[in-house]
Amino acid sequence: MNKKNRFFTPVNIEPFEDKIATDDIIVGIGSCFAQAMLDRLFSYGFAGMQNPSGIVYNAVSISRIVERAVINRPFTEDEFFEFNGKWRSWEHHGTFARPTLAAAVSVVNESLMQFRELLSKAKYFIITPSSSVVYELRETGQVLANCHKVPNSMFERHLLEVDENMQALTELCHAVEQFNPDCRTIFTVSPVRHYPGDLSLNSVSKANLLAAVRKTVKLHSNSSYFPAYEIMQDELRDYRFYKRDMLHPSPLAEDIIFERFVENCCTADAIDKITAGIKRCKSEAHRVSA
């Protein structure tokens, strides 16, 4: 296409040298956007697992859960609390909450051990932090993965600086490299917008995260970066590519970003597998709706 007829500024993506192959095991962790992308790969026949503690947004919590899996340190009863009739952990999404303490401990440790097993075999680890804004428990200073709608008076809000984000991501990379030297990490930054009432905070939050990710990738030769955030901001710069909340990418936007990921990060055989998987899923959906 002639450059003067373009209706957007394309994001230049350097194709990966080591690309995802048909039989590669893929694990991932991060935001709801990461979950949407990985759900596609798994539904098209790839093996792996994502988010062993549920959806998580900040680099500190992401690093902590990965390190925990690597050193094989299960959660204990004293790390849980009861709120609104269910037992919860500050390290886990609310989907892991259970009516009894024993059930809560069991489900989180089962997920952690399953993730550890797959991480030990994984060829690729996709990591997608979303925000530099964290909430710390006033009593201990602990950075929380989830606040569970507990009263705000229990927390302090903190904006992670570039160096703080980078420290967490670097510790994550070191843990993975020692545990599974053959595993490559693929970093992305989620394009989901946070804090619509304070878009300046959202911009600084993303900027700190983007800078930290870039620096981390430069320091680790087995790491790569895929510009999902930049594609959303520069190629899909229109509210029609957002859901009705104007914060999350629409299914069409997710499809476009996923297509860019596949064409730059997957082998030809893997692309064929994904294409066949898309056709299969569409056929199954058609049969269900018929």
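Worth pointing out:
- Of the strands (runs of 3 or more DSSP E) lying entirely inside region 35-93, those containing at least 1 residues that are farther than 25 Å from I20 by Cβ are 80-83, 86-89.
- Out of V288, V176, one residue alone is among the aliphatic types (A, V, I, L, M), at pLDDT 95 or above and either more than 30 Å from M113 (Cα to Cα) or in a helix (DSSP H, G or I) (or both). It is V176.
- Exactly one residue among S200, S221 is under 30 Å from R68 (Cβ atoms), modelled with pLDDT under 95, surrounded by fewer than 19 Cβ atoms within 10 Å (Cβ to Cβ) and of a type in the set (S, T, N, Q), and that residue is S221.
- No other residue among R157, R116 is part of a strand (DSSP E or B) and basic (K, R) apart from R157.
- Being in contact with a Phe, Trp or Tyr (Cβ under 8 Å, 6 or more places away or on another chain) and more than 24 Å from V27 (Cβ to Cβ) is a property that does not hold for V176.
- Options S200, S221, S190: the member that is out of contact with any strand residue (DSSP E or B) (no Cβ under 6 Å at 6 or more places or on another chain) and outside any helix (DSSP H, G or I): S221
Condition check ((1) of a type in the set (K, R); (2) under 30 Å from I256 (Cβ atoms); (3) buried (at least 22 other Cβ atoms within 10 Å of the Cβ)) across all residues:
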| position | (1), (2), (3) |
| --- | --- |
| L41 | no, yes, yes |
| Y44 | no, yes, no |
| Q50 | no, yes, yes |
| R64 | yes, no, no |
| R73 | yes, no, no |
| N84 | no, no, no |
| W87 | no, no, no |
| W90 | no, no, no |
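- Verdict on E77 being in contact (Cβ under 8 Å) with a residue 24 or more places away in the chain, over 27 Å from N165 (Cα atoms) and charged (D, E, K, R): yes
The values are calculated or read from the model by the stated rules, or taken from the named source; none is laboratory data. Quantities reported herein were computed from a predicted structural model and do not represent experimental measurements. All Cβ positions, glycine included, derive from the backbone under ideal geometry; neighbour counts span all protein chains shown.
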